[in-house]
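Taking it in order: structure first as structure tokens, then the write-up.
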Amino acid sequence: VARRLDPSKCSVRARRDAALRPQIERVFAENFEVYGARKVWRQMVREGVDVARCTIGRLMQGMGLAGVIRGKPVRTTMR
């Protein structure tokens, strides 16, 4: 409850995650919601945000954001 009332009591990681979430949503939305974690990460690095790719992936997964998968799945076995 104290952390919810006073965000400065949160951990450093939680504060950084809270600051990154709106930026990730913005980059994802600006690119027609097709970018995955790697492309969102590359765009944020281009904009000067120093963040790890795994952090972007973790936050996107937590927010329910996923990139578009193109093409058909590979089918190796025919029953």
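Here, each number is a calculation from the coordinates, and none is a lab measurement. All of these numbers come straight from a predicted model, not from anything done at the bench. Cβ atoms come from the backbone with ideal geometry, glycine included; neighbour counts cover every protein chain shown.
Estimated at 0.36 nm per residue, the fully extended path between Glu33 and Arg58 surpasses their Cα-Cα distance by 7.3 nm. Axis angle, to the nearest 10 degrees, between helix 53-63 and the longest C-alpha principal axis of the chain: 90 degrees. Distance between the pseudo-spin-label points of Ala18 and Asp50 (7 Å out from Cα toward the beta carbon): 2.3 nm. Sites listed here are chymotrypsin sites (Phe, Trp or Tyr not before Pro) in the chain whose DSSP assignment is loop and whose Cβ has at most 16 other Cβ atoms within 10 Å: Phe32. I'd like the FRET efficiency for Arg3 and Glu25, computed as 1/(1 + (r/R0)^6) with the beta carbon distance as r and R0 of 22 Å, rounded to 0.05. Efficiency for this residue pair is about 0.50.
Here the Debye sum runs over all C-alpha atoms of the chain as equal scatterers in vacuum, and log10 of I(q)/I(0) at q = 0.14, 0.25 Å⁻¹ comes out as -0.55, -1.15.
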